[in-house]
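Single-structure report; data block below.
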Amino acid sequence: MSSLTKLALGMIGRLRPKPIQGESQKTIALLPPEKEGGMPLMEAISKRRSDREFARTELPLSLLSSLLWAAYGVNRPDGGRTAPSALNAQEVDIYVALPAGAYLYDAAENLLRLVASSDLRRVTGYQDFVDEAPLDLVFVADYSRMKLVPVRQRESYASAAAGAIAQNVYLFAASARLVTVIRAWIDRKAIANALGLSHDQQVLLSQTVGFPKG
Ligand SMILES: Cc1cc2nc3c(=O)[nH]c(=O)nc-3n(C[C@H](O)[C@H](O)[C@H](O)COP(=O)(O)O)c2cc1C
């Protein structure tokens, strides 16, 4: 769907998900992440970039599992994560839009929990490539976990945490020869509706990931 069509549909509140391709599973058990190897850090940093051309090929489960762990997995026995958060509130959730449904990443259990049996990739942004790329991540702040943070700071702190997660995704993508782009040009209301978010939750950013085209 073109950006113009999406903008028009968004304006009348009609930017909606598509039926799923395949079957949704209530939960998807992720594989143990690959915590060793990959590209040396300085090489990955030197290759980090935004790209906007994606093949339709789906990511294998092993790659998806390692990607999510790199993004915001648990990396310490005390429940610490791969990206920081103010007062360790861990207020950002990652929603994972796949052709076969939208899922919430449960880092502690290393699994995906179904939140919508629809293909809501196209709802995750105005740009046309988000419809066809195999994976769109949505970073959502849950302010009910930020009670110790002054109200006027909550959005900026959560956005900083989401930025750190996004950079983890960028570096993983560089290392695994995937392509990615973080996106703020999104219809936050349409996404919140499609995901069934509560009043305490706010959509911050989306990020598309996939294999390079061609
Ligand atoms: C907060 C933020 C929002 C962004 N929003 C979008 C977006 O909506 N669409 C897009 O294609 N790129 C978006 N970008 C990516 C920037 O366009 C990109 O990072 C910039 O052009 C620099 O390119 P590089 O990432 O390859 O260094 C965003 C980047 C940031 C940090």
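The values are calculated or read from the model by the stated rules, or taken from the named source; none is laboratory data. Model, not experiment: these values are computed from the prediction. Note that each Cβ is placed from the backbone with ideal geometry, even for glycine, and that neighbours are counted across all protein chains shown. Surface areas here come from the heavy atoms of the whole protein model, side chains and all, with no ligands, DNA or RNA. Shrake-Rupley method; radii C 1.70, N 1.55, O 1.52, S 1.80 Å.
Answer with yes or no whether Leu148 is more than 13 Å from the ligand (Cβ to nearest atom), among the hydrophobic types (A, V, I, L, M, F, W, C), open to solvent by 10 Å² or more (accessible area, probe 1.4 Å) and more than 20 Å from Ala194 (Cβ to Cβ). Break it down into steps so the answer makes sense when it comes.
On the way: more than 13 Å from the ligand (Cβ to nearest atom): yes; among the hydrophobic types (A, V, I, L, M, F, W, C): yes; open to solvent by 10 Å² or more (accessible area, probe 1.4 Å): yes; more than 20 Å from Ala194 (Cβ to Cβ): yes.
Yes: the conditions hold for Leu148.
Answer with yes or no whether Ser50 is within 16 Å of the ligand (Cβ to nearest atom), part of a helix (DSSP H, G or I), out of contact with any Asp or Glu (no Cβ under 8 Å at 6 or more places or on another chain) and not aliphatic (A, V, I, L, M). No: the conditions fail for Ser50. So, Ala166, is that one of a type outside the set (Asp, Glu) and either more than 9 Å from the ligand (Cβ to nearest atom) or surrounded by fewer than 16 Cβ atoms within 10 Å (Cβ to Cβ) (or both) or not? So Ala166 fails the test. If the condition is being part of a helix (DSSP H, G or I) and touching a helix residue (DSSP H, G or I) at 6+ places or on another chain (Cβ under 7 Å), then region 145-160 contributes Arg154, Tyr157. Residues in region 180-192 that are more than 17 Å from Val92 (Cα to Cα) and open to solvent by less than 60 Å² (accessible area, probe 1.4 Å): Thr180, Val181, Ile186, Asp187, Ala190. Please determine whether any residue of region 40-59 is surrounded by 17 or more Cβ atoms within 10 Å (Cβ to Cβ) and of a type in the set (Gly, Ala, Ser). The answer is yes; a qualifying residue exists.
Is there a residue being in a helix (DSSP H, G or I) and surrounded by fewer than 22 Cβ atoms within 10 Å (Cβ to Cβ) anywhere in region 72-87? Walk me through how you get there before you give the answer.
Narrowing region 72-87 to residues in a helix (DSSP H, G or I): 72, 86-87.
Next, from what is left, pick out any that are surrounded by fewer than 22 Cβ atoms within 10 Å (Cβ to Cβ): 86-87.
Yes - at least one qualifying residue is present in region 72-87.
Determine if region 12-24 includes at least one residue that is within 16 Å of the ligand (Cβ to nearest atom) and at pLDDT 95 or above. No: region 12-24 contains no residue that is within 16 Å of the ligand (Cβ to nearest atom) and at pLDDT 95 or above. In region 88-120, the residue that is farthest from the chain's Cα centre (by Cα) out of those that are within 18 Å of Val181 (Cβ to Cβ) and open to solvent by 10 Å² or more (accessible area, probe 1.4 Å) is Leu98.
For region 122-134, the criterion of being within 16 Å of the ligand (Cβ to nearest atom), polar (S, T, N, Q) and closer than 21 Å to Ala44 by Cα is satisfied by no residue at all. Taking the criterion of being without any contact (Cβ under 8 Å) to a residue 60 or more places away in the chain, out of contact with any Lys or Arg (no Cβ under 9 Å at 6 or more places or on another chain) and either more than 28 Å from Ser2 (Cα to Cα) or surrounded by fewer than 18 Cβ atoms within 10 Å (Cβ to Cβ) (or both), the residues of region 193-208 that qualify are Ser198, His199.
Kindly check whether there is at least one residue in region 172-179 that is buried (at least 18 other Cβ atoms within 10 Å of the Cβ), assigned to a helix (DSSP H, G or I) and within 13 Å of the ligand (Cβ to nearest atom). Steps first, please.
We begin by selecting, within region 172-179, every residue buried (at least 18 other Cβ atoms within 10 Å of the Cβ); these are 172-176, 178-179.
Then drop every residue that is not assigned to a helix (DSSP H, G or I), which leaves 172-176.
Filter again for within 13 Å of the ligand (Cβ to nearest atom), leaving 173-174.
Taking every residue of region 172-179 in turn, at least one turns out to be buried (at least 18 other Cβ atoms within 10 Å of the Cβ), assigned to a helix (DSSP H, G or I) and within 13 Å of the ligand (Cβ to nearest atom).
All of Pro212, Pro134 fail the test of being under 26 Å from Gly37 (Cβ atoms) and touching a helix residue (DSSP H, G or I) at 6+ places or on another chain (Cβ under 9 Å), apart from Pro134.
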